[in-house]
1. About the Cα centre of the chain, what is the dipole size in debye to 20, counting +1 per Lys and Arg Cβ and -1 per Asp and Glu Cβ, all else neutral?
2. To the nearest 10 square angstrom, how much accessible area does residue 166 have with a 1.4 angstrom probe?
3. Can you sort 185, 178, 93 by solvent-accessible area, 1.4 Å probe, largest first?
4. Sort 79, 59 by heavy-atom solvent-accessible area, probe 1.4 angstrom, most to least.
5. So for 27, 17, 134, what's the accessible-area order with a 1.4 Å probe, most first?
6. FRET efficiency for residue 134 and residue 31, Cβ-Cβ distance as r, R0 = 45 Å, nearest 0.05?
7. Looking at the square roots a ≥ b ≥ c of the eigenvalues of the Cα gyration tensor of region 1-76, which shape do they give, rounded for a/c under 1.5, prolate if a/b is larger than b/c, or oblate?
8. Relative to 2.2 N^0.38 Å, what does the C-alpha radius of gyration of the chain come to as a ratio? Two decimals please.
Amino acid sequence: MAKLIYGAITSLDGYIEDAEGKFDWAEPDEEVHAFVNDLERPIGTYLYGRRMYETMVFWERPPDLADQPSFVRDFAEIWQAAEKIVYSKTLQTASSERTRIEKEFDPEAVRQLKATASRDITVGGPELAAEAIEAGMVDEYHLFLVPVVVGGGKGSLPGNNVRVNLELLDERRFRNGTVYLRYRTRG
């Protein structure tokens, strides 16, 4: 059975973007990016909401890709090779290969996908992740804490009185001060 993983790059105070919708402070350096690539390499399917998909679809055809460092080219290849499911009531067509659009998040369909998939699945974006977390479907959390406090914005985790007990599986500190935390959901 595949695992459903929620991964996020977040400020120390728990935001994926600041109050102005910016996340330039979260751009990973080469060391963090290479580590993320290794985490993403075994992923078979990305689950996205519309806004996260519109951010990530950049990787379908990055400009001047041949001139980019190898870790950037590597991520583009990883992203392009994965299947993508986008949950949106407004998006009519996908602008990337290996992508299908579903009108709404269906926990049962995702459970079936987990049961039949040979590779792990990630859920991207805090709103879609909140639905999966509330449905008790997220198996692991991969959080990158960036050494910045932004004071407000879009939170990385649901705040709807959801409680999930976690077990720390791994941790890593990077030279730029970013800290990676990997948790497993405890029964």
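1. Details: 23 positive and 32 negative charges, 113 e Å.
The calculated dipole for the chain is roughly 540 debye.
2. Residue 166 exposes around 60 Å² with every protein chain in place.
3. Details: 185 50, 178 5, 93 100 Å².
Most to least solvent-accessible, the answer reads 93, 185, 178.
4. Details: 79 0, 59 40 Å².
Output order, biggest surface exposure first: 59, 79.
5. Details: 27 150, 17 25, 134 95 Å².
Result, largest first: 27, 134, 17.
6. Numbers: r = 34 Å, r/R0 = 0.75.
After rounding to 0.05, the efficiency reads 0.85.
7. Working: a/c = 1.39, a/b = 1.10, b/c = 1.26.
In terms of gyration-tensor shape, rounded.
8. Details: Rg = 16.0 Å, N = 187, 2.2 N^0.38 = 16.1 Å.
For the chain, the normalised Cα radius of gyration comes out at 0.99.
The values are calculated or read from the model by the stated rules, or taken from the named source; none is laboratory data. This structure is a prediction, so every number in the text was calculated from the model and none was measured. Every residue, glycine as well, gets a Cβ built from its backbone with ideal geometry; the counts of neighbours run over all protein chains shown. What goes into the accessible areas is simple: the full protein's heavy atoms, side chains included, and nothing from ligands, DNA or RNA. Shrake-Rupley method; radii C 1.70, N 1.55, O 1.52, S 1.80 Å.
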